[in-house]
Amino acid sequence: MLEVTLVLCTAIFFLSLFLLVAALLKWKKARLFLGLLIFVFSVIAMILFVNVQRINGNPDSGKEFMQLYFPLLVFAMFMAIGAVSSIRALKK
């Protein structure tokens with residue numbers, strides 16, 4: 001399960017780079033598609049990450065921010081980027 005999460009995180013990173021290129025070149029359909037992919041992959045990766053944390057016994061006491069909350073914040077940021085990009089591509 002951890003390997004799948006790593007593959008999804010790598011895919012999210014490269015899709016974000018492609019999304020940046022698509023935004024700079026004003027490719028509406030590519031932005032819509034890439035934004036949706038980033039959003040979906042981020043949701044799946046977040047769910048898998050939380051499951052891995054639960055299986056491994058949750059984060060250490062006192063280190064919850066760096067071991068759980070910060071990664072969830074990063075996933076939420078990518079979800080927001082994907083959603084906003086897709087919505088903006090639809091509105092234009």
Verdict on F14 being touching a helix residue (DSSP H, G or I) at 6+ places or on another chain (Cβ under 6 Å), within 16 Å of V74 (Cβ to Cβ) and part of a helix (DSSP H, G or I): no
Hey, A83 surrounded by 13 or more Cβ atoms within 10 Å (Cβ to Cβ), of a type outside the set (D, E, K, R) and over 11 Å from the mean Cα position of the chain (by Cα) or not: no
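Can you find a residue that is over 16 Å from the mean Cα position of the chain (by Cα), loosely packed, with under 12 Cβ neighbours inside 10 Å and not β-branched (V, I, T) anywhere in segment 30-46? Quick ask: steps written out before the conclusion?
We begin by selecting, within segment 30-46, every residue over 16 Å from the mean Cα position of the chain (by Cα); these are 30.
Narrowing further to those that are loosely packed, with under 12 Cβ neighbours inside 10 Å: none.
No: zero hits.
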Lone unmet requirement of (1) exposed (fewer than 12 other Cβ atoms within 10 Å of the Cβ); (2) part of a helix (DSSP H, G or I) for G57: (2)
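Here is a yes/no grid of residues against (1) in a loop (DSSP other than H, G, I, E, B); (2) of a type in the set (A, V, I, L, M, F, W, C); (3) touching a residue at least 60 places away in the same chain (Cβ under 8 Å):
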{"residue": "T10", "(1), (2), (3)": "no, no, no"}
{"residue": "K29", "(1), (2), (3)": "no, no, yes"}
{"residue": "L37", "(1), (2), (3)": "no, yes, no"}
{"residue": "F65", "(1), (2), (3)": "no, yes, no"}
{"residue": "P71", "(1), (2), (3)": "no, no, no"}
{"residue": "A83", "(1), (2), (3)": "no, yes, no"}
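Coordinate-derived values only; no laboratory data. Worth saying up front: this structure is predicted, and the values here are computed from it rather than measured. Glycine gets a Cβ as well: all are built from the backbone with ideal geometry, and neighbour counts include every protein chain shown.
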